[in-house]
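For reference, the structure is listed below as C-alpha cells.
The values are calculated or read from the model by the stated rules, or taken from the named source; none is laboratory data. Because the structure is a prediction, the values reported are computed rather than measured. Glycine gets a Cβ as well: all are built from the backbone with ideal geometry, and neighbour counts include every protein chain shown.
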Amino acid sequence: MAEPKTTELMEKIVSLCKRRGFIFQSSEIYGGLNGFWDYGPLGAELKRNIKDCWWRSMTQLREDVVGLEASIIMHPRIWEASGHTSTFSDLMVDCLLTKKRFRADQIEPQSGTAYFYTGATEDGTGKETKDVFSVLLPPGKPPESARKVAKQFYQQRSINNPTLLGERVEQVKDSTKYNPENGSLLTEPRPFNLMLETYVGPVQSSENKSYLRPETAQAIFVQYKSVLEASRQKVPFGICQIGKAFRNEINPRNFTFRSREFEQMELEFFIRPEEVIQKMTGSVAKLSDSQPSTLNPQPNWGWELWHKYWVEERVKWYESIGLSRDTLVEYWQKKDELAHYAKATVDILFKFPFGTQELEGIAARGDFDLTQHQKFSGKSMEYFDEEAKAKYVPHVIEPSAGVDRLALALICNAYCEDQAPDEKGKMETRVVMKFHPRIAPLKVAVFPLLKNKPELVNKTKEVRDLLRPHMTVFYDEAGAIGRRYRRQDEAGTPFGVTIDFETLGEKGPDLKDTVTLRDRDSMKQERMKISELVPLLVEKIR
Ligand code: ATP
C-alpha cells in the first residue's frame, strides 16, 4: 500500500493517539496549554516500558552504572554554574519567514536596499492582511528577489496568491533588523527565558526565585561525590537518572516533539583524564587505532573510545526496542556546531514523518561541568584514584535522551496500514501499531469466542489471571472476534489468545485446555496448551 503523505500521516497518527488513549492535549476542556501533553492509558504504559527498558539496560544489567533520583527544584546557583541562567536568558530575534532564531547580539550589521510592504491581498478572493513586512537586498540584486521573499511571507499567512501592497524602498546602513541568510525582517529583540521560574517559600521575592530544572544532568554532577562514596564505585563509572525537565520553549511544535514539560533519561559516565591514562598504561588508545565494531572497555581507553562506545551502546539499545538502524542517523556535529565545552557530540536522529530530527545527544563534555561546580560551590570535585595514584576531576561522556521524543518516534515507527479480510472475507484497510513486544503497552489480549457462554467467559478469565502476574493483559468480550482483533491491532498488542469450544474439551480431549495464539503482524494463529503460554510469552516480551 502506498505510504500516506507526511502531513496526512502525522494527522492520522495524532488522531489515533487521541482516539486510542496514547496522548491527549493537556487541559483540553479549557482549550489546551501549548507545549504540554497528557498520556492516556496506552501512552502511560508505553512510557513506563521505555523507562523500564532504559533503566534496566543502563543500571541493572551493568556493574559500572548506578541510579539517582534527584529533586526537580535545586539550588539556583546550580544554574549559574551550568551556564543556563545566562545562556537561557539572551535577547533573541526570530526570522519572520523561516522562524529561525538568532541571538540579537550576534546579527552582523548589513547595508542595502530595504523593500517595505503594508500587507497583501489575494487575487480573486479579496482576502487581505495588513501585516507589515520588509526585505533587505544587498546592492545589485533585482527588486523581484524582494517580492519573491515577501510573497512567501504572505503565503504563510494564508494569502495563497498574494498581490503585494504599498511597496516602498529605502536605503539602509548597518542594520541588524534583517536575517543575514535570506534578507527577511526579524522580530524585535525579545528576552528569552528558557527556564521556568518559581518561588521557594511563600514570599515571592528575588532571593526566593528558583527554577524547574531544564535538564536532569546537573543533579548528577552536584551529587557525584555522594553517589561515588555511597556506592563504592570507581572511575570509570556512571550515574544515570530519569526525570522531568522543563523548558519554556518559544515554539512548541510537531506534536510532542518539542514540549515545555518532558522527561529525560540521562547518563553521566565519568572517565579518567588522558594524562592519567597515559601515566598508568603508557599510552592512550584512540578511535583511529581500534576496531569500533568490537568495542570492549579497556583501561587504556581515552575519551574518544568511550564516546564511540556509548554511541554504539545507545544505537544497539534503540535496535533492541524496535528502531532499526535504517530509521536512525548518527550525526557527528561539526567543529563549529559544538558547544564550547564539548570535544565531540553525536546526535542520534530518527526519521520522523516531519523530518529527520534529534532523539538523543551523546556529548564528550570534558571536565567542564564538575570544574564549574567546583568553582561556584567552593567544594572540591576531585577524585582520588587509588589505582592510578592520582587526584583529578573526572571527565564525562553524556548520553542524553528524551522519553517523550522516543515515545513519539516509536509511535511513528509502529504506525502501519495493511490489508486484512473482514468478517465476510472482504479485504479492508487495517491500522496496526507494530510495537516491539518489549515496549508494547499491552502484551496480550484474551478473548472468549462468545460472551454469552459462561464456560468460555470463566475459562478466559482464568487464563487472564494466569498471565497477569507476568505481563499487561487486556480482557475483551465485546463484539465480533474480528473487530476485537482490529482494536488490539490499533493498540499495538502483539499477541491475542482466544478461548473457544476446543479449549473446553467439546471437540475431544486432545484439544482440551488449548487456545489459539494470534500474532498481530502476521495474523497467523497457532494452537497451543494453556500451560505453555506463560514461558512462551515471557520469552518474547523480555
Ligand atoms: P533540541 O536541539 O531538539 O532542542 P537539545 O539539543 O536542546 O534538543 P538536549 O539539551 O541535548 O536537547 O536534551 C537532550 C534530549 O532531551 C534531546 O535529545 C531530546 O530527546 C530531549 N529534549 C530536549 N528538549 C526537549 C523538548 N523541548 N521537548 C521534548 N524533548 C526534549
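With the structure loaded, tell me whether Asp347 is without any contact (Cβ under 8 Å) to a residue 24 or more places away in the chain and in a helix (DSSP H, G or I) or whether it fails that test. So that I can check it myself, show each step before the final result.
Numbers: without any contact (Cβ under 8 Å) to a residue 24 or more places away in the chain: yes; in a helix (DSSP H, G or I): no.
No; evaluated as a whole, the condition is false for this residue.
Identify, by number, the condition in (1) within 16 Å of the ligand (Cβ to nearest atom); (2) acidic (Asp, Glu); (3) under 27 Å from Phe237 (Cβ atoms) that Asp38 doesn't meet.
Against the list (1) within 16 Å of the ligand (Cβ to nearest atom); (2) acidic (Asp, Glu); (3) under 27 Å from Phe237 (Cβ atoms), Asp38 comes up short only on (3).
Only strands (runs of 3 or more DSSP E) wholly contained in segment 164-222 count here; list those with 3 or more residues that are within 24 Å of Gly119 (Cα to Cα). Can you show your working first?
Working: elements: 168-175, 196-199, 209-212.
Counting at least 3 such residues, we get 168-175.
Against the condition buried (at least 20 other Cβ atoms within 10 Å of the Cβ), within 26 Å of the chain's Cα centre (by Cα), closer than 21 Å to Gly43 by Cβ and more than 10 Å from the ligand (Cβ to nearest atom), how does Ile220 come out, does it pass? Show your work before the answer.
Numbers: buried (at least 20 other Cβ atoms within 10 Å of the Cβ): yes; within 26 Å of the chain's Cα centre (by Cα): yes; closer than 21 Å to Gly43 by Cβ: no; more than 10 Å from the ligand (Cβ to nearest atom): yes.
No.
Could you check, for segment 100-112, whether at least one of its residues is over 30 Å from Val311 (Cα atoms), free of Cβ contacts under 8 Å to residues at least 40 places away in the same chain and within 16 Å of the ligand (Cβ to nearest atom)?
Taking segment 100-112 and keeping what is over 30 Å from Val311 (Cα atoms), we get 103-112.
The next check asks that each one be free of Cβ contacts under 8 Å to residues at least 40 places away in the same chain; those that pass are 103, 105-106.
Then keep just the ones that are within 16 Å of the ligand (Cβ to nearest atom); that gives 103.
Among the residues of segment 100-112, at least one is over 30 Å from Val311 (Cα atoms), free of Cβ contacts under 8 Å to residues at least 40 places away in the same chain and within 16 Å of the ligand (Cβ to nearest atom), which makes the answer yes.
If the requirement is being closer than 24 Å to Phe255 by Cα and surrounded by fewer than 21 Cβ atoms within 10 Å (Cβ to Cβ), which of these qualifies: Glu417, Glu455? Step through it out loud before you land on a result.
Numbers: Glu455 fails: closer than 24 Å to Phe255 by Cα.
Just one listed residue meets the conditions, Glu417.
Assess whether Trp303 counts as being away from the ligand (no atom under 15 Å from the Cβ), at pLDDT 95 or above and of a type outside the set (Asp, Glu). Talk me through it step by step, then tell me what you get.
Numbers: away from the ligand (no atom under 15 Å from the Cβ): yes; at pLDDT 95 or above: yes; of a type outside the set (Asp, Glu): yes.
Yes.
Quick one: which residue in Tyr331, Tyr309, Tyr341 is in a helix (DSSP H, G or I) and either in contact with a helix residue (DSSP H, G or I) (Cβ under 9 Å, 6 or more places away or on another chain) or of a type outside the set (Val, Ile, Thr) (or both)?
Working: Tyr331 fails: in a helix (DSSP H, G or I); Tyr341 fails: in a helix (DSSP H, G or I).
Answer to the check: Tyr309.
List, please: which pairs have Cβ atoms under 7 Å, are six or more places apart or on different chains, and start with a residue in segment 253-264 that is at pLDDT 95 or above and more than 7 Å from the ligand (Cβ to nearest atom) and end with one that is among the basic types (Lys, Arg) and not in a loop (DSSP other than H, G, I, E, B)?
Glu261/Lys244; Glu263/Lys244
Do we find that Lys461 is surrounded by fewer than 22 Cβ atoms within 10 Å (Cβ to Cβ), at pLDDT 95 or above and either of a type in the set (D, E, K, R) or within 36 Å of the chain's Cα centre (by Cα) (or both) in this structure? Walk me through it before giving the result.
Working: surrounded by fewer than 22 Cβ atoms within 10 Å (Cβ to Cβ): yes; at pLDDT 95 or above: yes; either of a type in the set (D, E, K, R) or within 36 Å of the chain's Cα centre (by Cα) (or both): yes.
So Lys461 passes the test.
Only residues that are touching a residue at least 60 places away in the same chain (Cβ under 8 Å), assigned to a strand (DSSP E or B) and away from the ligand (no atom under 15 Å from the Cβ): list them for segment 397-420, please. Can you show your working first?
Restricting attention to segment 397-420, the residues satisfying the condition of being touching a residue at least 60 places away in the same chain (Cβ under 8 Å) are 397-415, 417-420.
Subset that is assigned to a strand (DSSP E or B): 397-402, 415, 417-420.
Tyr415, Glu417, Asp418, Gln419, Ala420 - these are the residues of segment 397-420 that are touching a residue at least 60 places away in the same chain (Cβ under 8 Å), assigned to a strand (DSSP E or B) and away from the ligand (no atom under 15 Å from the Cβ).
Can you pull out every residue in segment 186-217 that is away from the ligand (no atom under 16 Å from the Cβ), surrounded by fewer than 18 Cβ atoms within 10 Å (Cβ to Cβ) and aliphatic (A, V, I, L, M)?
Across segment 186-217, the qualifying residues are Val200, Val203.
How many residues are within 12 Å of the ligand (Cβ to nearest atom) and either over 29 Å from Thr7 (Cβ atoms) or touching a residue at least 60 places away in the same chain (Cβ under 8 Å) (or both) if we restrict to segment 229-245?
In the first step, residues of segment 229-245 are kept if they are within 12 Å of the ligand (Cβ to nearest atom); the result is 242-245.
Add one more test, that the residue is either over 29 Å from Thr7 (Cβ atoms) or touching a residue at least 60 places away in the same chain (Cβ under 8 Å) (or both), and what stays is 242-244.
Result for segment 229-245: 3.
Residues in segment 234-248: is at least one under 30 Å from Phe153 (Cα atoms) and out of contact with any Phe, Trp or Tyr (no Cβ under 6 Å at 6 or more places or on another chain)? Steps first, please.
Looking only at segment 234-248, we keep the residues that are under 30 Å from Phe153 (Cα atoms), and these are 247-248.
If we keep only those that are out of contact with any Phe, Trp or Tyr (no Cβ under 6 Å at 6 or more places or on another chain) too, we end up with 247-248.
Within segment 234-248, one or more residues are under 30 Å from Phe153 (Cα atoms) and out of contact with any Phe, Trp or Tyr (no Cβ under 6 Å at 6 or more places or on another chain).
Where residues in segment 108-129 are of a type in the set (A, V, I, L, M, F, W, C) and touching a Lys or Arg at 6+ places or on another chain (Cβ under 8 Å), which of them is nearest to Glu181 (Cα to Cα)? Steps first, please.
First, pick out the residues of segment 108-129 that are of a type in the set (A, V, I, L, M, F, W, C): 114, 116, 120.
Those left that are additionally touching a Lys or Arg at 6+ places or on another chain (Cβ under 8 Å): 116, 120.
Working: Phe116: 18, Ala120: 24 Å.
In this case the residue turns out to be Phe116.
Please name all residue pairs, on different chains or six or more residues apart, with Cβ atoms under 6 Å, provided the first residue is in segment 296-316 and is buried (at least 18 other Cβ atoms within 10 Å of the Cβ) and the second residue is of a type outside the set (A, V, I, L, M) and assigned to a helix (DSSP H, G or I).
Listed pairs, sorted by first residue: Gly302/Glu274; Lys308/Pro292.
Step by step: first the residues of segment 467-516, then only those that are touching a residue at least 60 places away in the same chain (Cβ under 8 Å) and part of a loop (DSSP other than H, G, I, E, B), then the one that is surrounded by the most Cβ atoms within 10 Å (Cβ to Cβ). Which residue is that?
Gly492
Could you say whether any residue in segment 383-396 is closer than 21 Å to His340 by Cβ, within 16 Å of the ligand (Cβ to nearest atom) and not in a helix (DSSP H, G or I)?
Yes, segment 383-396 contains a residue that is closer than 21 Å to His340 by Cβ, within 16 Å of the ligand (Cβ to nearest atom) and not in a helix (DSSP H, G or I).
Can you name the residue in segment 22-45 that is over 19 Å from the mean Cα position of the chain (by Cα) and outside any helix (DSSP H, G or I) and is also farthest from Ile541 (Cα to Cα) among such residues?
Here the answer is Gly31.
Within segment 356-374, does at least one residue satisfy the condition of being away from the ligand (no atom under 16 Å from the Cβ), within 21 Å of Lys308 (Cβ to Cβ) and part of a loop (DSSP other than H, G, I, E, B)?
Yes: segment 356-374 contains one or more residues that are away from the ligand (no atom under 16 Å from the Cβ), within 21 Å of Lys308 (Cβ to Cβ) and part of a loop (DSSP other than H, G, I, E, B).
Can you spot a residue in segment 280-288 that is part of a loop (DSSP other than H, G, I, E, B), crowded, with 21+ Cβ neighbours inside 10 Å, among the basic types (Lys, Arg) and in contact (Cβ under 8 Å) with a residue 12 or more places away in the chain?
Checked against the condition, which is being part of a loop (DSSP other than H, G, I, E, B), crowded, with 21+ Cβ neighbours inside 10 Å, among the basic types (Lys, Arg) and in contact (Cβ under 8 Å) with a residue 12 or more places away in the chain, segment 280-288 yields no hits at all.
Which number in (1) within 11 Å of the ligand (Cβ to nearest atom); (2) of a type outside the set (Gly, Ala, Ser); (3) closer than 30 Å to Asp521 by Cα; (4) modelled with pLDDT under 95 marks the one condition that Glu337 misses?
(3) is the only condition that Glu337 fails.
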